[in-house]
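Here the structure comes first, spelled out in structure tokens, and everything after it is commentary.
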Amino acid sequence: MPTPQTATQIRLSNVSICMGIALDSLEILANFNTPFLEAIANTTRSLLECVQTVKQNKETCTQLLEQTYELLNAIILVHMKSETGGDLPLLIVRHIGRFTETLHKIHTFVETQQGGSKVKKFLRQRESNALLKDCKNGLEQGFKLFEIRNVNLMTDIVKMRQDAEQKHKEVLDMIAGLADTASSDRPSTVQDIDDLSQAMLTLPKASRMYSGSYTSSNSISMLPSEPKIFHGRDLELSAILELFGQGTPRIAILGAGGMGKTSLARVVVHHAEISVKYAQHRYFVACDSATNKTELAALIGAHLGLKSGKDLTQAVFQYFTTCPSSLLVLDNLETVWEPTECRSDIEEFLSLVTDIQHLALVITMRGAERPSKVHWT
């Protein structure tokens, strides 16, 4: 006689099925080239495979997946509310980027809970607990950012699947509606939505790209606030301002965590001399959510108001090449630079943008090593 499933096993089975349906919707929406959506879909797929072999802390892993599912639904919903599917405000794109970072951490934690996991060997218990805390904090932040007030964790598999399938149907209907609007020569309905790529090709280019209402003329509104309290770094601030007075610097602010690197960069970007010199052409990009060069370029592109694509590297380069003197601050760049598989790409990207003579660059990074391929001031 089969052993009855526990309550946790039933919940895990339910949420896995519904996340699979949500994944189908995400893979469709990824065709709109919203930054991070393809990464979310890929990580979700891997997470669903990984969770099937979890041996420890199944209850905790189940809770993480249930809350992740709520946020996936929120991301699907913001696309459905958008008239063009992929036309999302910059603020929403940034929220999605932060969730992507949290999702990667959740995947890592779940992987450590597998029997015989190689990752587990490299993570001490304290580190595993710290990772779990980061996952929970990231999910809580996601609920606030996407205004999820009540996390509805259902155990009725029929109702749960019906809701997931209904959302998926609405996504398909939205795609069909966009395709119909795009071409009067097509039938009034799209009969075979399985061939999504064909339907997507009928959409106007602008409908398949992130545009939003943001432009460089109001970039100053996206700058972080100037620190109200700042002391102990006056010498560093003076040295940085002196470098700006001598030309177009490329500055790396290095140090251990908690040393005030970000605060120093924020003071610099708001300093009167810098404000006068660069005016609205000051860009402060938090790099925490980027996991590779493409996502870093997408983050920068979102701040510049560029339309999205598979890789915005050249678009970012062209933008800075043709615009007046600008200041680009990349905060916490170590997040995307430290992984060895990304390092070369990030250094090539930095080398490319620093070839622009009138673009000043400031990066903040933990540690004492600067990226190579850049002539740092």
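Of (1) assigned by TED's automatic domain parsing to the domain that holds LYS228; (2) surrounded by fewer than 21 Cβ atoms within 10 Å (Cβ to Cβ), LEU299 satisfies all except one. Which?
Of (1) assigned by TED's automatic domain parsing to the domain that holds LYS228; (2) surrounded by fewer than 21 Cβ atoms within 10 Å (Cβ to Cβ), only one is false for LEU299: (2).
Could we say that SER225 is exposed (fewer than 15 other Cβ atoms within 10 Å of the Cβ), within 23 Å of the chain's Cα centre (by Cα) and in the same structural domain as CYS342 (by TED's automatic domain parsing) here?
yes
Yes or no: the range 32-39 includes at least one residue that is in contact (Cβ under 8 Å) with a residue 24 or more places away in the chain, among the β-branched types (Val, Ile, Thr) and touching a Lys or Arg at 6+ places or on another chain (Cβ under 6 Å).
No, there is no match, as no residue in the range 32-39 is in contact (Cβ under 8 Å) with a residue 24 or more places away in the chain, among the β-branched types (Val, Ile, Thr) and touching a Lys or Arg at 6+ places or on another chain (Cβ under 6 Å).
Looking at (1) over 19 Å from the mean Cα position of the chain (by Cα); (2) surrounded by 20 or more Cβ atoms within 10 Å (Cβ to Cβ); (3) more than 25 Å from THR335 (Cβ to Cβ), which one does CYS61 not meet, given that it meets all the others?
(3)
Yes/no matrix, rows are residues, columns are (1) at pLDDT 85 or above; (2) in the same structural domain as GLU66 (by TED's automatic domain parsing):
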{"site": "THR100", "(1), (2)": "yes, yes"}
{"site": "HIS107", "(1), (2)": "yes, yes"}
{"site": "GLN125", "(1), (2)": "no, yes"}
{"site": "ASP156", "(1), (2)": "no, yes"}
{"site": "ILE175", "(1), (2)": "no, no"}
{"site": "LEU178", "(1), (2)": "no, no"}
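If you check ALA302 against the conditions, is it of a type in the set (A, V, I, L, M, F, W, C), touching an Asp or Glu at 6+ places or on another chain (Cβ under 6 Å) and under 24 Å from THR100 (Cβ atoms)?
no
Take the residues in the range 326-358 that are more than 18 Å from the chain's Cα centre (by Cα) and aliphatic (A, V, I, L, M); name whichever of them is surrounded by the fewest Cβ atoms within 10 Å (Cβ to Cβ).
Out of the qualifying residues, it is LEU352.
Any residue in the range 7-17 that is within 21 Å of LEU132 (Cβ to Cβ), touching a strand residue (DSSP E or B) at 6+ places or on another chain (Cβ under 9 Å) and in contact (Cβ under 8 Å) with a residue 40 or more places away in the chain?
yes
Suppose we keep only residues that are of a type outside the set (Val, Ile, Thr) and touching a helix residue (DSSP H, G or I) at 6+ places or on another chain (Cβ under 8 Å) within the range 250-267. Which one would you say is farthest from VAL374 (Cα to Cα)?
LEU264
Taking into account only those residues within the range 268-284 that are part of a helix (DSSP H, G or I) and touching a helix residue (DSSP H, G or I) at 6+ places or on another chain (Cβ under 8 Å), which is surrounded by the fewest Cβ atoms within 10 Å (Cβ to Cβ)?
Only one residue tops the list, namely GLU273.
List pairs: first in the range 266-289 and in the same structural domain as THR248 (by TED's automatic domain parsing) and of a type in the set (Phe, Trp, Tyr), second at pLDDT 90 or above and not in a loop (DSSP other than H, G, I, E, B), Cβ under 6 Å, 6+ apart or cross-chain?
TYR278/LEU327; TYR283/LEU328; PHE284/VAL269; PHE284/VAL329
List pairs: first in the range 61-77 and more than 15 Å from THR34 (Cα to Cα), second of a type in the set (Lys, Arg), Cβ under 9 Å, 6+ apart or cross-chain?
THR62/ARG11; GLN63/ARG11; GLN63/LYS136; LEU64/LYS136; LEU65/ARG11; GLU66/ARG11; GLN67/LYS136; ASN73/LYS167
Hand me the list of helices (runs of 4 or more DSSP H) wholly inside the range 285-366 holding 2 or more residues that are in contact with a Phe, Trp or Tyr (Cβ under 9 Å, 6 or more places away or on another chain). It would help to see each step written out before you state the result.
Details: elements: 293-304, 313-322, 334-337, 340-353.
Because the criterion is at least 2 residues that are in contact with a Phe, Trp or Tyr (Cβ under 9 Å, 6 or more places away or on another chain), the helices (runs of 4 or more DSSP H) in the range 285-366 that meet it are 293-304, 313-322, 340-353.
The values are calculated or read from the model by the stated rules, or taken from the named source; none is laboratory data. The shown structure was predicted, so the numbers you read here are calculated from the model rather than taken from an experiment. As a convention, Cβ positions derive from the backbone with ideal geometry for all residues, glycine included, and neighbour counts pool all protein chains shown.
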